[in-house]
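Take a look at the structure set out below.
The values are calculated or read from the model by the stated rules, or taken from the named source; none is laboratory data. Since the model is a prediction, treat every value here as computed from it, not as a measurement. Glycine gets a Cβ as well: all are built from the backbone with ideal geometry, and neighbour counts include every protein chain shown.
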């Protein structure tokens, strides 16, 4: 699971804080990791693929295109920081991150629950790994998850805890490793929603991923942008067009 770095909203800062995660069965891990060698073949080079931000656009386009064809499901959540100006959440970046963690874990647990198809949770429990970064220490994350699990009514939490392994992992980014998948999803998502100079966004990579988004009964449950009313207003202005696909 990979977040984009939180910064206070203002001049030169981002409008969105985003997080993305890939969910896949352990049995499909090796075949999913083969996407890197497949991408090298398509791109015609032998170099190791690096983080999304360090690759060129052609490499990222091929990687996201091939990833969506693997036996994976992904979830992507984001907060629009200007819409939360003056709120308790916006005044505390730690709270913003925690909101994204909750939204993301909810959707990961739903993927595992649906995949169980009536089976026992122990047979389909999902082990979650967070991408290590300095902004949000692992100890703080564990404390928050404990609070979330044992006070779910107070936190309006819909995580299906029976489908989440209590051992939460924390891993440094490693190129062409499973943690690399989270970087591809989170970065492609953030590129699609974050306006740059002249209000430009680039959703080419995220559109590649859309076939693999967690969906149920025709609805994309794996995609959430918050707060909803302000996101609807942004869409009404013709932005975030990929949401209509």
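Numerical summary
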read-out	value
Which listed residue, of 209, 245, is in contact with a helix residue (DSSP H, G or I) (Cβ under 7 Å, 6 or more places away or on another chain), touching a residue at least 12 places away in the same chain (Cβ under 8 Å) and crowded, with 16+ Cβ neighbours inside 10 Å	209
Selection count, segment 174-202, where residues are over 22 Å from residue 71 (Cα atoms) and surrounded by fewer than 23 Cβ atoms within 10 Å (Cβ to Cβ)	10
Neighbours by Cβ (under 7 Å, 6+ apart or cross-chain): first from segment 41-64, surrounded by fewer than 17 Cβ atoms within 10 Å (Cβ to Cβ); second part of a loop (DSSP other than H, G, I, E, B)	48/175; 48/176; 50/175; 51/173
Which numbered condition residue 221 misses (of (1) touching a residue at least 24 places away in the same chain (Cβ under 8 Å); (2) farther than 17 Å from residue 108 by Cα; (3) in a loop (DSSP other than H, G, I, E, B))	(2)
Filter pass, residue 85 being in contact (Cβ under 8 Å) with a residue 60 or more places away in the chain and within 24 Å of residue 109 (Cα to Cα)	no
Residues (in contact with a helix residue (DSSP H, G or I) (Cβ under 6 Å, 6 or more places away or on another chain) and modelled with pLDDT of 90 or more) located in segment 103-124	109, 112, 113
Any hit, segment 195-205, residues being at pLDDT below 95 and either within 20 Å of residue 96 (Cα to Cα) or touching a strand residue (DSSP E or B) at 6+ places or on another chain (Cβ under 7 Å) (or both)	yes
Residue in segment 42-63 that is nearest to the chain's Cα centre (by Cα), counting only those that are closer than 20 Å to residue 195 by Cα and in a helix (DSSP H, G or I)	52
Positions within segment 1-27 being modelled with pLDDT of 90 or more, touching a strand residue (DSSP E or B) at 6+ places or on another chain (Cβ under 8 Å) and not in a strand (DSSP E or B), in sequence order	15
Residues satisfying the stated conditions in segment 96-134, i.e. in a helix (DSSP H, G or I) and more than 25 Å from residue 154 (Cα to Cα)	114, 115, 116, 122, 123
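Here's the yes/no breakdown for (1) farther than 13 Å from residue 106 by Cβ; (2) within 19 Å of the chain's Cα centre (by Cα); (3) free of Cβ contacts under 8 Å to residues at least 12 places away in the same chain:
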position	(1), (2), (3)
130	yes, yes, no
133	yes, yes, no
138	yes, yes, no
143	yes, no, yes
156	no, no, yes
165	yes, yes, no
171	yes, yes, no
176	yes, yes, no
181	yes, yes, no
